[in-house]
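Working notes for the structure below.
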Amino acid sequence: MKVYQIKVSLNEIEPSIWRRFLVKDTTALPDLHKILQTVMGWTNSHLHHFVVDGEIYSEPDEDNELEYIDYRKTRIKDVMDSVNDEMTYEYDFGDGWEHTLVLEKVLDPDPDAKYPVCLAGGRNCPPEDCGGAYGFMEMLDILKNPGHEEYESWKTWVGDEYDSERFDLSIINSLLRRRNYGLLSW
């Protein structure tokens with residue numbers, strides 16, 4: 001077994017929203033999905049898939065009209081094994097949140113460490129269902145302008161506690177430690 005250092009970045013957002021984490025190379029893609037949900041701050045409320053070299057890796061769905069590979073039988077090391085290998089993770093097909101995952105390092109495991117673990121990151125994940133990258137950027141512009149006609153409705157919808165700049169590594173790692181990865185359960 002090896003440990004992968006992966007950087008995930010949310011596409012089409014500036015400044016960047018990203019995370020760097022360590023994960024076992026034997027992690028199945030359904031568990032990688034759960035790890036990504038946790039490190040990014042999503043709520044696991046929408047469909048998702050991975051794309052590697054034009055191939056779609058997804059959970060089985062008889063309504064899915066796209067050709068896909070059953071990702072329950074695929075481990076990270078089956079689709080990424082060299083430094084700088086990339087894959088795309090798409091979450092919420094309506095909003096179209098695309099993430100780029102880059103394999104930054106392949107490491108020997110630390111016998112005292114528990115994986116997965118988040119090492120670093122930048123900025124808070126967008127709220128669910130805010131309209132994708134364009135809707136999120138528009139929402140941030142409106143929230144900077146209390147005089148905007150949509151300010152109150154967005155403020156009510158997003159809540160007072162949402163801070164687009166907040167990133168709390170300790171909360172993410174606490175959630176990673178509490179969740180059960182490797183048993184295909186959430």
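The values are calculated or read from the model by the stated rules, or taken from the named source; none is laboratory data. None of the values given here were measured: they were computed from a predicted structure. Virtual Cβ from ideal backbone geometry, glycine too; neighbours counted across all protein chains shown.
Restricting to region 57-87, and then to whatever is out of contact with any helix residue (DSSP H, G or I) (no Cβ under 9 Å at 6 or more places or on another chain) and crowded, with 16+ Cβ neighbours inside 10 Å, can you tell me which residue is nearest to residue 13 (Cα to Cα)?
Checking each candidate, the answer is 80.
In region 123-180, which helices (runs of 4 or more DSSP H) lie fully inside it and hold 2 or more residues that are within 22 Å of residue 21 (Cα to Cα) and modelled with pLDDT of 95 or more?
Output list reads 169-178.
Could you say which residue among 111, 146 is over 21 Å from the mean Cα position of the chain (by Cα) and farther than 25 Å from residue 26 by Cα? Please lay out each step first, then the result.
Details: 111 fails: farther than 25 Å from residue 26 by Cα.
Within the list 111, 146, the selection yields 146.
Among the residues of region 118-136, count how many are surrounded by fewer than 16 Cβ atoms within 10 Å (Cβ to Cβ) and within 14 Å of residue 14 (Cα to Cα).
Count: 3.
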